[in-house]
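Below you'll find the structure, written out as structure tokens, and then a few comments.
The values are calculated or read from the model by the stated rules, or taken from the named source; none is laboratory data. Everything numeric here is computed off the predicted structure, so don't read it as measured data. Note: ideal-geometry Cβ built from the backbone for every residue, glycine included; neighbour counts use all protein chains shown. Calculation scope for accessible area: heavy atoms of the full protein, side chains included, ligands and nucleic acids excluded. Shrake-Rupley method; radii C 1.70, N 1.55, O 1.52, S 1.80 Å.
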Amino acid sequence: MSSRTAAVASAAAAVLLALAAPASAQSDGSVGGSLAGGSESSGPPSLLPPGFPCIHTNVYPIATWGWLPLDAGAPRFAEGEEASGTGWLDLYAPPGGRTNYFHPGINTPLRDLAADPASLSFAHRGQYTSFLLRLQGADRADGPGGFTTLVWWPSANGGVGADDWAVSTLTQGQWWSTNPIAGLAGGQSDTATLAEIAAANPRAFVTSYGVQNDSGTGGADDVTYGCARWDFEPLPAGSS
């Protein structure tokens, strides 16, 4: 391993230790980590910037800074300048398969992401390439405080990026929920903006965020979440 790659890996390990701090039960019974306390009326308070630590860094196959696939196949780090830098995430998914890559959301209150137009964006390609926010604390139809996943994808947003690379800011886009929650019936046919969803679900906070593809070719790069920005690159030249 080159000295540069070793330094990147060492820095990544330090950040992973910070991200791995366990959530703790609050006095009101809610669950929070470094960014989430909790109150029944207004949701978890903000203690640090959304997406903390505030870094713009390259993500490499051996220094992923906490990025992992969840319940799906892992993407390939592809070479090419189509998106940002010298590489991007190849999210190809075989028939009947799924490919994704997620990062801890550090319990960021959904309302904090919704309030900043620049807090969520990514470069993407593919009809089924989507950006996902996994939430806790949403007001589900079957009881308060439940889990759901919010999905942004081209089909609900004018087909942008379906056939070629595009860069989308997501806070003003249309999202759907995998489960019925306040303001959304659940399923792809009912959509709303993040601001509308956050207003209807004031206790909701993000446990993880990521990109996913459910069929065929897909790609993603240059993910912004709060004050963190991630650029996916193949290994530096000379690495071993």
(request) Could you check E79 against (1) out of contact with any Gly (no Cβ under 8 Å at 6 or more places or on another chain); (2) surrounded by fewer than 18 Cβ atoms within 10 Å (Cβ to Cβ) and say which number it fails? (result) (1)
(request) Return the residue satisfying two criteria in turn: it lies in the stretch 156-183 and is surrounded by 16 or more Cβ atoms within 10 Å (Cβ to Cβ) and out of contact with any helix residue (DSSP H, G or I) (no Cβ under 8 Å at 6 or more places or on another chain), and of such residues it is farthest from L110 (Cα to Cα). (result) W165
(message) Quick test for you: out of S27, S46, pick the one residue that is surrounded by fewer than 19 Cβ atoms within 10 Å (Cβ to Cβ), at pLDDT below 65 and either acidic (D, E) or part of a loop (DSSP other than H, G, I, E, B) (or both).
(response) S27
(request) Scan the stretch 54-76 residue by residue and report those that are closer than 20 Å to A228 by Cβ and open to solvent by less than 40 Å² (accessible area, probe 1.4 Å). (result) T57, V59, Y60, A63, T64, W65, G66, W67, P75
(request) Please verify whether the stretch 172-181 includes one or more residues that are over 17 Å from W153 (Cβ atoms), modelled with pLDDT of 95 or more and not charged (D, E, K, R). (result) yes
